[in-house]
Amino acid sequence: MTQNHIMSAFDRDLSSIQTLVLRMGNLVSTALLDAAEALETRDATLAERVRSGDKVIDALEEQINSECARLIAIRAPAASDLRTVLTVMKIAANLERCGDYAKNLAKRSLVLADMATLPVPTGAIRHMAKHVTALLTDALAAFVARDAIGAADVRQRDHEVDQMYSTLFRELLTEMMEDHRNITPAMHLHFIAKNIERVGDHATAVAEQVIYLVTGALPGDARPKIDSTTAGTPLD
């Protein structure tokens, strides 16, 4: 009876932490989509809201880590239970980085809003953002369901984001070569696109953690990548 009581208490605590992870994921997805919309519509107010909202995402990660540490100290989970707690912490870390990328997207959107014209349509950026948020959503759904197959599907779909990024990079490079006045806005757009591509990588990392959680082993094959560019991606 005592052991059952302890296990049910652990499950309740873990369920509460999982709820925080899902809330964090929702905030990150919203931030990404809002930042892409702010870029497309030149909405400075929306971009500023994304920037300030990153503090909430950071605070959630700290809360999740604190709750996980408390859970380990009080419940002393072993084997698969401990693996679950560690997976939660790694997922939260990936989501926090995605929030940083959304914030950086919003910061560059503010700069681009003051420019008269942009070298390429920003709808492509928004399309990429929608795709990576779908990957994040599906990766977190796989986590909740402990669905290794669904997680593996997310991992495979990341190459679509790489294709979008590579196509946009080539378009931006062409515009910069044809008109030097396009260099500054094109570079901002490039870093925005690269940030979104990195979100796709973090969504894939979440999916890989789900696979590890369910199977006890990380995927043995290399993650499919088709990005042929070599440009750096400094964060602000």
Q. Residues Ser66, Ser29, Ser15, Ser52: which one is buried (at least 19 other Cβ atoms within 10 Å of the Cβ) and part of a helix (DSSP H, G or I)?
A. Ser29
Q) Restricting segment 196-209 to residues that are among the aliphatic types (A, V, I, L, M) and within 11 Å of Asp138 (Cα to Cα), which is surrounded by the fewest Cβ atoms within 10 Å (Cβ to Cβ)? A) Val206
**Q.** Residue count, segment 214-236 (criterion: out of contact with any Lys or Arg (no Cβ under 6 Å at 6 or more places or on another chain) and either polar (S, T, N, Q) or modelled with pLDDT of 75 or more (or both))
**A.** 8
Q. So which pairs qualify, if the first residue must be in segment 59-85 and in contact (Cβ under 8 Å) with a residue 24 or more places away in the chain, the second must be surrounded by 14 or more Cβ atoms within 10 Å (Cβ to Cβ) and not in a helix (DSSP H, G or I), the Cβ gap must be under 8 Å, and the two must be at least 6 apart or on different chains?
A. Leu71/Pro77; Thr84/Pro77; Val85/Pro77
Q) Tally time: how many residues in segment 35-45 are assigned to a helix (DSSP H, G or I), surrounded by fewer than 23 Cβ atoms within 10 Å (Cβ to Cβ) and in contact (Cβ under 8 Å) with a residue 60 or more places away in the chain? A) 3
Q. Out of segment 108-123, which residues are at pLDDT 90 or above and surrounded by 17 or more Cβ atoms within 10 Å (Cβ to Cβ)?
A. Arg108, Ser109, Leu110, Leu112
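The values are calculated or read from the model by the stated rules, or taken from the named source; none is laboratory data. Predicted, not measured: the structure shown is a model, and the values here were computed from it. Neighbour counts run over all protein chains shown; Cβ positions are idealised from the backbone, glycine included.
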